[in-house]
Amino acid sequence: MTGAATDASAVARARRLLARRGGWIEAVPDGYGLRSGGDRRSRVVLVLDEAGFRLLIERPGLRRRPGGGWVARTAAPERPDIPEPGRPGLIEGSRTVMEADGRPVRRRANLGQSAVDWLAQRKTADGRPWLTAAQVAAAARLGLDVGMATRGPSLTLRWDALPRAGGGSAVRVEPGDPAMAAARRVEAALAACGIARPMVDAICIRASALQVAERDLGLRRREGKILLQTGLAALAVHYRIG
């Protein structure tokens, strides 16, 4: 089968296939291929593009399949697949990103929720959202600068361009390069977070799960949420958002 589809009928068919016993989906060269057999010897019966795959993430939802790929989340997951409390959904896939020269490139990416998205949907005891719109917008703004800082003339992801805690930027490009300017903006933004910098760095830059970040930083459970909230509030002030 050639060509990836995203029309409503193709997505509806994909949902029906995933609902059947043995139905699963995985990344293939042209998009995301649906199979109805137990392994890769089974024929790909339908190929969806990125937009169609995202619709499947929303409904019925996907979870990792032990042998690779994903199955419908409506099926009862085995205990190893149950995410840790407070961990954003992890759905490995790929998406197209724009390089510094405007060239579109496919990259591996987590298509599930980030920890910021996850917290933005949660409420406090008095019914208020854990994160305000300004805090969420500040995290997104930081993400844009991080994305620019990690891309350079080599057209590859460059994590070495990001600032390291206490060590400044390790970017290796000529002065004036957009990646260097972005890395400096990231450094200034993180510095504005004060004591919450390590948590903001872990969640917004390293894409860590919330509980993993708390554990790695030696924080008590739920303490990381408060620290992230504080850091994003400071970040919003830094960006003059809200």
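Take the Cβ-Cβ distance between residue 177 and residue 237 as r, set R0 to 25 Å, and report the resulting FRET efficiency rounded to the nearest 0.05.
With R0 = 25 Å, the Cβ-Cβ based efficiency is 0.35.
What list of ³J(HN,Hα) couplings, whole Hz, do you get for the stretch 23-37 from phi and the Karplus terms 6.51, -1.76, 1.60, once you set θ to phi - 60° and write x for glycine and proline?
Karplus values, whole Hz, x for Gly and Pro: x, 7, 9, 8, 6, 10, x, 9, x, 10, x, 8, 10, 10, x.
With the crude spin-label approximation of a point 7 Å out along Cα→Cβ, what separation in nm comes out for residue 9 versus residue 45?
1.7
May I ask you to list the residues of the stretch 215-235 whose amide nitrogen lies under 16 Å from a point 7 Å from Cα along the Cα→beta-carbon direction of residue 191?
Only 235 fall inside the zone, counting backbone N under 16 Å.
No value in this document is a laboratory result; all are computed from the given coordinates. Everything numeric in this text was worked out from a predicted model, so none of it was measured. Because the Cβ atoms are built from the backbone with ideal geometry, glycine has one as well, and the counts that use them run over all protein chains shown.
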